Amino acid sequence: AIVITIAVLTLVFSFNDGNPKLIWNLWLRNLAYVFIIVSISFLTFVFSCKLIARYYESKVNFRLAYISRFWFNRQATIERAEIPKPVRKIPLGIILALFATLASSGKFFLTSIFSFDSSTSRLGHRWRNVTQIEEAKIAFVGLFSLLLLLSIFSLLSSEKGVIITTWLIVWNLLPLPNL
């Protein structure tokens, strides 16, 4: 999920390189630069979340944002030839991110394509599972690390770095379900 997230975010942020014409040499250079910035930003977020989760003796698993329930049926199935098949998870976050990028010609960035789940089996603690406040602290430390990275990018005058980390922070602050 981490590799796919970095790849999709790289495509989203490098789609529009600012040139009126597509020049492959410049676009590929922009793609490589954006890949480095996205990798640094997202891996900083992942590392800080995993580090604080270890402090709370839990694990953080990153996953893609997906939809698995359709309509109002909890056990939705697609029936063909009288053989019911369960509906697979659709990576809605990736689809919406790519659609928003194509529809806006690379001027609008939807970066809410990932989420994380925390799990633990602590013994000897007051609460065996991760509490909501601990999960909120894990997410806060990840966003705070992105904020520190944003200040570093602004000191280095890296416009792409500032844009990428700002959009990551903004979309992770919105209270959307499954994110």
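So in the range 135-178, with the set limited to residues that are of a type in the set (S, T, N, Q) and part of a loop (DSSP other than H, G, I, E, B), which one is modelled with the highest pLDDT?
This residue is Ser157.
Tell me yes or no: at least one residue of the range 8-22 is free of Cβ contacts under 8 Å to residues at least 12 places away in the same chain, open to solvent by 40 Å² or more (accessible area, probe 1.4 Å), closer than 19 Å to Ala139 by Cα and not hydrophobic (A, V, I, L, M, F, W, C).
No, the range 8-22 contains no residue that is free of Cβ contacts under 8 Å to residues at least 12 places away in the same chain, open to solvent by 40 Å² or more (accessible area, probe 1.4 Å), closer than 19 Å to Ala139 by Cα and not hydrophobic (A, V, I, L, M, F, W, C).
In the range 11-42, how many residues are in contact with a Leu (Cβ under 7 Å, 6 or more places away or on another chain) and of a type in the set (S, T, N, Q)?
Total meeting the criteria: 3.
Just checking: which of the strands (runs of 3 or more DSSP E) contained wholly in the range 16-134 hold 3 or more residues that are modelled with pLDDT under 80 and over 25 Å from Pro175 (Cα atoms)?
Fully inside the range 16-134 and qualifying: 77-80, 83-86.
The values are calculated or read from the model by the stated rules, or taken from the named source; none is laboratory data. Computed from a predicted structure; not experimentally measured. A quick note on method: Cβ atoms are made from the backbone with ideal geometry, for glycine too, and the neighbour counts reach across all protein chains shown. The protein model used for the area step is the full one, side chains on, heavy atoms only, and it has no ligands, DNA or RNA in it. Shrake-Rupley method; radii C 1.70, N 1.55, O 1.52, S 1.80 Å.
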